[in-house]
1. Looking at L626, L630, L681, L673, which is the one that is touching a Pro at 6+ places or on another chain (Cβ under 8 Å), open to solvent by less than 50 Å² (accessible area, probe 1.4 Å), over 18 Å from L561 (Cβ atoms) and not small (G, A, S)?
2. If I filter segment 776-788 down to residues being open to solvent by less than 10 Å² (accessible area, probe 1.4 Å) and part of a loop (DSSP other than H, G, I, E, B), which single residue comes out as farthest from D448 (Cα to Cα)?
3. Taking the stated definitions as given, is K766 touching a Pro at 6+ places or on another chain (Cβ under 9 Å) and under 23 Å from K567 (Cα atoms)?
4. Within segment 590-600, can one find any residue that is part of a loop (DSSP other than H, G, I, E, B), open to solvent by less than 30 Å² (accessible area, probe 1.4 Å), farther than 24 Å from T671 by Cβ and in contact with a His (Cβ under 9 Å, 6 or more places away or on another chain)?
5. Filter segment 478-518 down to residues that are among the aromatic types (F, W, Y) and over 26 Å from D830 (Cα atoms), then give me how many there are.
6. Take the residues in segment 1021-1039 that are β-branched (V, I, T) and open to solvent by less than 10 Å² (accessible area, probe 1.4 Å); name whichever of them is nearest to the chain's Cα centre (by Cα).
7. List the helices (runs of 4 or more DSSP H) that sit entirely inside segment 835-946 and contain at least 3 residues that are over 22 Å from the mean Cα position of the chain (by Cα).
8. Can you name the residue in segment 571-583 that is assigned to a loop (DSSP other than H, G, I, E, B) and open to solvent by less than 10 Å² (accessible area, probe 1.4 Å) and is also farthest from S680 (Cα to Cα) among such residues?
Amino acid sequence: MSAPVNGYFGYGQSPTPNGGAAPPRQNGPVQTYTATHPAMGYYGAPPQQQNYSTISSHCTVVSSKAPVTNSAPHVNNYYPNHHHVAPPCSAPLPQRHTAPSAPPSSGHYAQFPQQFPPYATQEAYYGQMSYHMPQAQCQQQQPTLLPAPPSGPGAPVYPIVSYPSAPGTSQYGTLVSSQTATAPGMLQYSNTQPASSTTTATGATHPGYNVAPPSQVAPAVNGQRSTVANTAHQHYEHQASLNYDSYGGGGTNGERPASGTPATSVHSSPGHHQGGDTSSSTTGSASPVPNSYDSLEGGNFPDSMPPPTNQAPPYSSYGFPAMQPAYPQGPTSLTDSPASQDLLGPTGYQQYSQPFPSLSQLSAALGGLSGVPELEVEALRPLNLLQERNLLPPRPLEAPEPNLSSELKKVNCSPQTFRCTLTSIPQTQALLNKARLPLGLLLHPFRDLEQLPVITSNTIVRCRYCRTYINPFVTFLDQRRWKCNLCYRVNDVPDEFMYNPVTRSYGEPHKRPEVQNATVEFIASSDYMLRPPQPAVYLFVLDVSHSAVESGYLKYFCESLLENLDKLPGDSRTKVGFLTFDSSVHFYNLQGGLSQPQMLVVTDIDDVFIPSHDSLMVNWKESKELIKDLLTSLPATFSQSRETHSALGPALQAAFKLMSPTGGRVSVFQTQLPTLGAGSLQSREDPSQRASAKGVQHLGPATDFYKKFALDCSGQQIGVDLFLLSSQYADLASLACISKYSAGSIFYYPSFHHIHNPAQLEMFQKDLERYLSRKMGFEAVMRIRCTKGLSIHTFHGNFFVRSTDLLSLANVNPDSAFAVQMSIDDSLVDSSLACFQAALLYTSSKGKRRIRVHTLCLPVVNQLSDVYAGADVQAITCLLANMAIDRSVSSSLLDARDALTNAAVDFVSAYKNNVSNLQQSGLVVPAVMRLFPLYILSLLKQKAFRTGTSTRLDERVFAMCEFKTQPLQQLMRMVHPDLYRLDNMSDQGALHLNDTLVPQPPLLHLSAERLSRDGAFLMDCGSVFYLWIGKCCNEMFIRDVLDYPNYASIPPNMNCIPELQTLLSERVRAFLDWLQDNRAFSSIVHIVKDDASAKATFFQHLVEDRSESASSYCEFLQHIQQQVP
């Protein structure tokens, strides 16, 4: 692809007819856009070609080394096909047992247990179940309160209201399968492979990895798309067994016949509830067993739509009152406002020569306001940024409300879960292009919820055509038919859906909980399972080299795990294992019956094998005492280590072999650059270039080893989380791939040391406590559907794109978010509403298969004024940041910075061109977008994008990783921190929460001129609070809050606020606690004195001020004005 000539993002245009659907094995597409500005680089630079390894679902047992192979149609060989077993070991832990580097030739030692149980028919696994309850007993049932299983010891117990089934019906259906044990397409695992399906690979990049044939070569850069010439050997596809073209709960089109047994249970569950044990569900359908993850959750729009066969008459002709509001009938006229003539003079700043335009003038200039409410009229009020000085609201900015009816607003999805950059969707791509704003979604699908409706039903009602889950925005044509709000197809209402479990009445399908809540969770039946739900399995991979011992992290990790061992999400099947490494790999036998743990050492890192197959991953309850003994003795075992090398790659290969049979979570703790074996790295950072204003190099990985490893883990439902605790460069750009492509999390603690850096130690301990106890979802997939005419063309986050729009998430956690870019393929002229639905299918840590569904509804508009009135400036900023990170990796950091600046220039230019007949000079924007240039400047000064300021390469890469995965609220605190003054807080506007008064000080601009030396100022940066104390700060505040008599007595490294029984202390701590309530990870507090060296970090966040390498806010505005044509 040739490089276009501008640095603009080009938000909405889709380069392919279907919106640029990405082929399998890549995290999104590359997009091309219209040039509007002089050459400044481009986002769509072609990614470098990379080879993909194949993946194994089972291993072939042989007694000697076999060549690395690819398989077709079955991909079987991942590592060399031999397995080593160490001789029996019985010595205590400190004594190491070194396993031989080659296995015994005996077939007894070469035998490897079967990894996956063969899957029988559905009847054979679940059995025929039929339960009937006497009618009289059913009529006497009343709603009962059931305790929700707590998420950990001491957790509060919330009531779950469980509603009985309809009178005369059963709570359970009868499971009927249409497949037999030998049905074609049945997914089974075995240890053998047809000889004809094996071909010899042409080479391998690293030991233990295969190289795909040339036809399989396809880059998979996050946020980019490429083409695959031949998908015959795709990663997770088994010929005739796995195909990803339908996402149904069963048959060809996903339909399930009504069981005739209305039975539903619904309860409201706390968001952190991991249970679901209080209810169960089977299906009464005769749908076939699904044979792929794609067929589990259903397909999207096929390439062509068959002509409708059951179109219903208009809603009004049925005379069915009290139904869900239908879409307004009839098309809406498309009248894009014509571009105005550019009547302005030079682009330089000029003083106004006449009063500012009235709203009526503005309305006429923008093509008229189509029924915009008063609140949105205020959003369109024009502001001259060169004259306005106080732009910040008194409180943190809230998400704009869509212009919907009050009924739809009540049931719409929360903006904390589902947020769109434009809360009014343009009717056409042309109108979107005219607005010069990106169209995309920001999604936080698994976040902790206080209340979550959990529904158990025999039938999960979905559209027969597009597989959309029924939701509050469908249209009921009558009691027996409903129209999908995404594809507009008419569906039948199942008999079971006629019964409302809330009111225990018939004939009110529109009052069912699925139609009254935009966020619901279904207990999935066996139709949504490829295999029995996996148990929660946790493997901890620990660096025990000399640098790890010096940092001191191992002691605190072991202490934290001991404290939180009982809080690990799981049930009686939960398994735990440990693996340590330096220049060799150490396994730990924790099998029940041993008096103490046994260490098994494998020194042959070029050919890592598993010394034991049944005692390394153990049931944590059965081996609890051995696990505690190991954690207690582990720090002392390696306290005298002088081994400086790190064999991370071989340790990861061993972890893959241990986890492949089940899947689960691998937690990797690394403290240095990997130096031995597969995946070894060399330092690429030049410290002298950290402050360079030129381009930053090495933002991408140095090897594809870690990416290939992550892709293979994703195929076996293994998520990998990385904790990097390094005082030196560790090449996070390469190491981060193990989490990026396996849906894992990344934690980074620069300059970590348990003595010299207590702040990092405190953050590590708090993060680890949250990490070990937060809820988990396993073997998950997520699909985002949207109204016909809209399409998704790029994804951002940590995941693997399994098919064009199906994200594979081996693990899903409540702290990770995702972003997608969208385009408008077809005109939405016949639609007044656009809807988006995200469905997350996952296995809970309790072994329950669940589906969490979020549905968002937004209005469709045909006026530019309405598009601007609904702009969400924070969502736009976060989506642009994701796009700029992709540009940084694929092109250069300077191109990404230019593209961010051009995004602001393009928007101001577009707005100016459409109000130019008002003859206004200056930098004029609508009030709703008044913070946009400030946010862009803040991005340019953030670690991920800044130049000229000394920034470690690993810290820059970590900042980029955070932009890809953090929820919007957390990202905005990183981009533009909140600044408050605390020493003069009053009760005005204070909140009264649980008998506690929480002050609400106003927000301050991030400028040194807003500080005063007689005050105390709190800066909220998301993960860190800075409390800046002026030299002349009131001594009463210092005494009552910090417990020191005066300013001079405050220690330089104070990082906590003591609990004092004073009014000021209580109010400050109440305010801090209130800020903490809305975030998952606890933030640490730094007390910064005015004369301390740490104040440089504090002042770096004052983004409105000029620095040595970056302009001030006023200078940035003048630069934008000069660039506007």
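The values are calculated or read from the model by the stated rules, or taken from the named source; none is laboratory data. Since we're looking at a predicted model, the values are computed, not measured. As a convention, Cβ positions derive from the backbone with ideal geometry for all residues, glycine included, and neighbour counts pool all protein chains shown. Accessible surface is based on the protein model in full, side chains and every heavy atom, while ligands, DNA and RNA are left aside. Shrake-Rupley method; radii C 1.70, N 1.55, O 1.52, S 1.80 Å.
1. Just one listed residue meets the conditions, L681.
2. T787
3. Taking the combined requirement at face value, the residue does not satisfy it.
4. No, that holds for no residue.
5. Of the residues in segment 478-518, 3 are among the aromatic types (F, W, Y) and over 26 Å from D830 (Cα atoms).
6. I1029
7. 864-869, 893-914, 932-940
8. Within segment 571-583, the match that is farthest from S680 (Cα to Cα) is T574.
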